[in-house]
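Structure, as structure tokens:
The values are calculated or read from the model by the stated rules, or taken from the named source; none is laboratory data. None of the values given here were measured: they were computed from a predicted structure. With ideal geometry, Cβ positions are generated from the backbone for all residues, glycine too; neighbour counts draw on all protein chains shown.
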Amino acid sequence: MDNLFKNPEVLLWLVPLLPLLGSATNGLFGKRFNIASSGAIACGAVVGAFIIALSLFISRVSQGITIQSIGYNWMVVQEAGFAVSFRLYADQLSMLMTLIITGVGSLIHIYSVGYMGHDEGFARYFSYLNLFCFAMLMLVLGDSLVTLFLGWEGVGLCSYLLIGFWFKERKNSDAGKKAFIVNRIGDFGFMLGMFLIFWHFGTLSYMDDPFVPGGLYRIVAENSHGHMDLNLINWACVCLFIGACGKSAQIPLYVWLPDAMAGPTPVSALIHAATMVTAGVYMIARLNFIWVHAEAALQLVAIVGAATALFAGTIGLVQRDIKKVLAYSTVSQLGFMFMALGLGNYPVAVFHLFTHAFFKALLFLGAGSVIHSLEHTLGHGNPDSQDLFKMGGLKKKLPVTCMVMIVGSCGLAGIPLFSGFFSKDAILYTAFELGSAMGGGINLGYIVWAMGVAAAVCTAFYSFRLIGLCFFGKWRGADAAYAHAEESPRSMTLPLAILALAAIGAGYLWMPAAWLNYAPFSDYLAPVFAAGQEHLHHNHSVFALHAEHSADSIAREWVNMIISSVVAIGVSFFAFSIYSSPKGVAREQALASGKMGAPYRLLLNKYYIDELYQILFVRPIQILSDVAFVMIDVIFIDLILVNGSAMAVATGSRIARRVQTGVVRHYLYAFAAGAAILLALFLFVR
Amino acid sequence: MEFLSAAIDVTNLRYHLSVVTFLPLVGALFLTFIHRKRERELKATAFFFSLITFVASLPILFEFQSGGGAGFSLVEEVAWIPAFNIKYIMGVDGISVFLVLLTTFLSPIVMLSSTSNVHHKVKEYFIAMLVLQTGLIGSFCALDLFLFYVFFELMLIPMYLLIGVWGSDEIERREAALKFFVYTLVGSLLMFLAVLYVAHEAGTFDIRLLPEACRNLSSTAQYVCFGAFMLSFAIKTPVFPFHTWLPQAHTEAPTGGSVVLAGVMLKLGTYGMLRFAIPFFPEPAVALSGAISVLAVIGIIYGSMMALAQDDLKKMIAYSSVAHMGFIVLGLFSFNLIAVQGALLQNINHGLSTGLLFLLVGVIYERRHTRIFAEFGGIAKVMPKFAVLFMIATLSSIGLPGTNGFVGEFLILLGTFGGMPNGDWTWTTGSTLAVFAASGVVLGAVYMLWGYQRVFFGEITVKENKNLRDVTPLEMSFALPVVVLIFFIGLNPTPLLTRTEPAVKATIENARASAAQRMEAVAHK
């Protein structure tokens, strides 16, 4: 037994199973627990998973040794050569994700003990949150697209349950339902992508398949020179990307994420910022060895990513709800990640995912701390507790929260030396570099770069608008709320402090080449992308990544860095100076009612996309169903066809019954007539 | 389990399937001797007999030869009406074995649930239930076409009575029962004519010989007979547009009736397609597979939309059955091994998930005597355990990975999408159909989650809902076994899949081969 649990192939299973166990414990026996024991079980499960993951990371994966766990055949259709196994695969990428999920997850679980302590549903809450960790870990650790899909839909379920956690309010359960259904639309695409991949390559496993040894990795590598239907692979990747658009909130399926803010704030931090929404990014990075063959699909990803980054960024400029600002910024930052993926720079996308996980979780938890302190007086669920226009000057009341939120905002805005600077800058530089490599004037690289810079302007603006409105200037809400606002308990501020350190430090794992040749992050991930890159280099593709940097490219990196730094610092300062002054709100309101009213309202109402979808899809389906039910099912099929034919039989027999008069004479007549006709037939027809 | 099969070995029970089939009938006979006032004894006896039937059916799984390929196991053969070469033949293979077990598994559950929600004419109710059970098991085991028909018709009367006598609404239940009866009878009478014709031409009623014997039929005869068989099974399944009896029957039927109807009886339709219509008449089956698949896909989308339009919880679930059965028919007529395997598994899955949904609707109906959405809302607050059970059934119904529903749907769609692969894969009509069918996965989530929201979430608006009792231990005891199976099959369907595969493979490959042969022969002429 001892040896069994020292075996990494077994130990790896404990990582997802511990949270599952925690979830089951709280789910089944939660009624008998108080907040302390319930929280201890939930936190213990995730922290335990983190410790195991960390030990496996240190002893194996960081040494370049991947782990394939034990497993069993999940589904098999022998003669069709179809099998999916239930098995985990930890390589550099999935291990990194595991550490983010369990690490940030641990902090958020601990924070939740303070945040949800007064809620009567805490056991249910922790059960869902643990279940989420389980599903998310299955998503990243599973060794096939089907196990990924298990986690993929599993996290969707947990998200649904947690968004609608306070289900008494209609708005919340509506938001949960919307999230699930929009995600299902994405999953529809994802399934089609899986079908295309299976029928083309004959397997859905990355590494291990009883019928296809070596799984997709080997098959794709073997076929990479020729033998591949590139058209089909492009379509498969587009289908998979539809799934990513759902899960990672990209145009046109992003609409669920802002509504998802109805859930408890730690949920927004963990699920709707740090982990679940990055699943689409993970999926593309995971399958990079297939995506390198799908250039058209990649271009679509780059454009959708850039468009989403800019589009969501503009909406974020004018939102009043503190969580909505952060939600749109998440959509926008995810757009940056897809931008990087679409341009072929997978490691940079993962890097931005990594830094974003810290500073965005930090910002959400900080926002939660603000909301928590105001809800004391305003009451739970009071929208005023999230309204930036009714805040101000909270710096004095919430010094720790204010400090960490500024750190988070610096990261988000891309202020030099904060983590977001390194990762976002690397993405913009990728676009810029690609633009120059592609040549020929305006091209994909330059377009994406310009959109990215414009999105970065928005990011810097709303980040510091938020800081200014929330912590500086004068208090604009109800006096009692301000008077009673106080800093959150230690269990909440401690995770904030740790995240703040991570939000600063994470960026230094991959320094710009222009500064220093120090990139442990990209070196660590390199094996994951090696096969795909080899193919690109072989074909001299412009999308290939280069380890060496020429003097020209270093110069371009400097240009890009200076532009983005100036933008970030300048816009941040501009926004902060407006909104930290007491007149900030008044100025914005003047703008809204003045000449700029129309575009302002357009942004405030999120370009009316929700209303548009309502008119285009939701209503028509409902009306069509209702009408079809009455017209086709009830009237046409049932009344006319079914009952009609029954009626016809009834009427027919009523008529036929008349013949049976019971008078012998009538029968004799009929008999005679019949005989006469028969006779006539015999005589004349022959 | 070991000792059970040992016991069977020792007693050398040669008529195992007959014992399982007729045990419920023996139980029904027993019931006739119990006084109608002694309701507890009546209920206990009925439950006891369905339970020992289940126990007796378990060794089938072990005796059933999975490695032995496509043949039948546990075969019993006795002459019955020698003049017409009609025999009493019973046996199971991969296609039927899990349907038999599903029936015997659900029966005690239905009996348990009925103990609390049947209050009048208790004696007759349980007799009808037990007779129904014999009819169902017999239909799945019969290897003689005439015998099959006898069992097939045997179910009709008890089900008619269950709806007509124990139904919920005084007037509507009669209409629903009548519609059910007439609908099914019209289909099965046509089939009966075809049965007689086929048996006459082939000279045998033996289902094991008929696929081969039917090759001699002319093309026209094949098409006509296929049409007659298919009509009967399409009504039973039901395939769009023959479905309108189903929602009505379900809304009126008592809980136990609905569970048996949706859980097992509908499967006779899809079972019949794979057991009779496809192997007997491969040429029309292959030639018309496109048209039938289109009807199946219409059923999926149309059924989902109908479910969306309902204001009655039970009716919504009834329409969801139309959609789910559409998936199964689509899988069967794709002639792709993965899809047919998925379809067969989905037969079982639908029985479990929809069976559980109807059981749970019964739980709330018993408390509130209504199933209208507007009467509910906020139930999760007062009945948390019930809410969890209903959520699990919902997730299984919408095919969330990890539950059984996903495996079935996924295999059906994957296989149908692939079509009949031959060399390099190319896009086929099957792929297009699978894309449309996959949209049913989205619609399924829409109506089920909306339905769930209307029942469980929000504030409690109706006064009577404030003091509802949560699930009782009895109710828990019949829901839990289904929940366990939902997850078991969801995480480990392989034991089922490997047992069904040889029979499925033989059936569809024979059908495809002989259809190709015949079509080639026609082309040569």
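Numbers at a glance
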{"quantity": "Any chance B:Met305 is in contact (Cβ under 8 Å) with a residue 40 or more places away in the chain, assigned to a helix (DSSP H, G or I) and either of a type in the set (Val, Ile, Thr) or facing chain A (nearest Cβ under 10 Å) (or both)", "calculated": "yes"}
{"quantity": "Residue in segment A:69-91 that is charged (D, E, K, R), away from chain B (no Cβ under 14 Å) and more than 20 Å from A:Leu270 (Cα to Cα) present", "calculated": "yes"}
{"quantity": "Residue that is nearest to the other protein chains (Cβ to nearest Cβ), among those in segment B:414-433 that are in a helix (DSSP H, G or I) and free of Cβ contacts under 8 Å to residues at least 40 places away in the same chain", "calculated": "B:Phe417"}
{"quantity": "Criterion: more than 7 Å from every other protein chain (Cβ to nearest Cβ) and in contact with a Lys or Arg (Cβ under 6 Å, 6 or more places away or on another chain) - qualifying residue of A:Asp209, A:Asp174, A:Asp143", "calculated": "A:Asp143"}
{"quantity": "Total residues in segment B:449-464, condition more than 9 Å from every other protein chain (Cβ to nearest Cβ) and not aliphatic (A, V, I, L, M)", "calculated": "5"}
{"quantity": "Spans of helices (runs of 4 or more DSSP H) in segment A:590-666 with at least 3 residues over 48 Å from the mean Cα position of the chain (by Cα) and either more than 30 Å from B:Ser320 (Cβ to Cβ) or within 14 Å of chain B (Cβ to nearest Cβ) (or both)", "calculated": "A:644-659"}
{"quantity": "Evaluation of A:Asp626 against (1) exposed (fewer than 13 other Cβ atoms within 10 Å of the Cβ); (2) modelled with pLDDT of 85 or more (one fails), failing number", "calculated": "(1)"}
{"quantity": "Hits in segment A:25-43 - residues which are surrounded by 16 or more Cβ atoms within 10 Å (Cβ to Cβ) and within 14 Å of chain B (Cβ to nearest Cβ)", "calculated": "A:Asn26, A:Gly27, A:Gly30"}
{"quantity": "Every residue from segment A:348-406 that is touching a Phe, Trp or Tyr at 6+ places or on another chain (Cβ under 8 Å), of a type in the set (Gly, Ala, Ser) and modelled with pLDDT of 90 or more", "calculated": "A:Ala349, A:Gly368"}
{"quantity": "Criterion: part of a helix (DSSP H, G or I) and under 30 Å from B:Arg368 (Cβ atoms) - qualifying residue of B:Gly290, B:Gly263", "calculated": "B:Gly263"}
{"quantity": "Residue within segment A:262-285 that is touching a residue at least 12 places away in the same chain (Cβ under 8 Å), small (Gly, Ala, Ser) and outside any helix (DSSP H, G or I) present", "calculated": "yes"}
{"quantity": "Criterion (surrounded by fewer than 14 Cβ atoms within 10 Å (Cβ to Cβ), within 30 Å of the chain's Cα centre (by Cα) and either charged (D, E, K, R) or more than 30 Å from A:Gly408 (Cα to Cα) (or both)) met by exactly one of A:Ala551, A:Ala544, A:Ala530", "calculated": "A:Ala530"}
{"quantity": "Positions within segment A:173-194 being surrounded by 24 or more Cβ atoms within 10 Å (Cβ to Cβ), over 15 Å from B:Gly399 (Cβ atoms) and not small (Gly, Ala, Ser), in sequence order", "calculated": "A:Val182"}
{"quantity": "Any chance A:Ala450 is part of a helix (DSSP H, G or I), among the aliphatic types (A, V, I, L, M), in contact (Cβ under 8 Å) with a residue 60 or more places away in the chain and out of contact with any Asp or Glu (no Cβ under 8 Å at 6 or more places or on another chain)", "calculated": "no"}
{"quantity": "Scan of segment A:159-171 for residues that are surrounded by fewer than 24 Cβ atoms within 10 Å (Cβ to Cβ) and not aromatic (Phe, Trp, Tyr), ordered by number", "calculated": "A:Leu161, A:Lys168, A:Glu169, A:Arg170, A:Lys171"}
{"quantity": "Top-ranked residue in segment A:156-171 [being of a type in the set (A, V, I, L, M) and within 11 Å of chain B (Cβ to nearest Cβ); ranked as farthest from A:Tyr217 (Cα to Cα)]", "calculated": "A:Leu161"}
{"quantity": "Matching residues in segment A:467-482 - criterion: being touching a residue at least 40 places away in the same chain (Cβ under 8 Å) and either more than 28 Å from A:Phe573 (Cα to Cα) or among the polar types (S, T, N, Q) (or both)", "calculated": "A:Ala478, A:Ala480, A:Ala481"}
{"quantity": "Close pairs (7 angstrom Cβ cut-off, 6 or more residues apart or separate chains): facing chain A (nearest Cβ under 7 Å) in segment B:436-448, outside any helix (DSSP H, G or I) anywhere", "calculated": "B:Val441/B:Gly399; B:Ala445/B:Ile398"}
{"quantity": "Options B:Ile317, B:Ile338, B:Ile328, B:Ile348: the member that is at negative phi, touching a strand residue (DSSP E or B) at 6+ places or on another chain (Cβ under 7 Å), assigned to a helix (DSSP H, G or I) and among the aliphatic types (A, V, I, L, M)", "calculated": "B:Ile338"}
{"quantity": "Sole exception among (1) at the interface with another protein chain (Cβ under 9 Å from one of its Cβ atoms); (2) crowded, with 21+ Cβ neighbours inside 10 Å; (3) over 22 Å from B:Leu356 (Cα atoms); (4) not β-branched (Val, Ile, Thr) for B:Lys505, by number", "calculated": "(2)"}
{"quantity": "Tally of residues being within 35 Å of the chain's Cα centre (by Cα) and part of a helix (DSSP H, G or I) across segment A:457-481", "calculated": "16"}
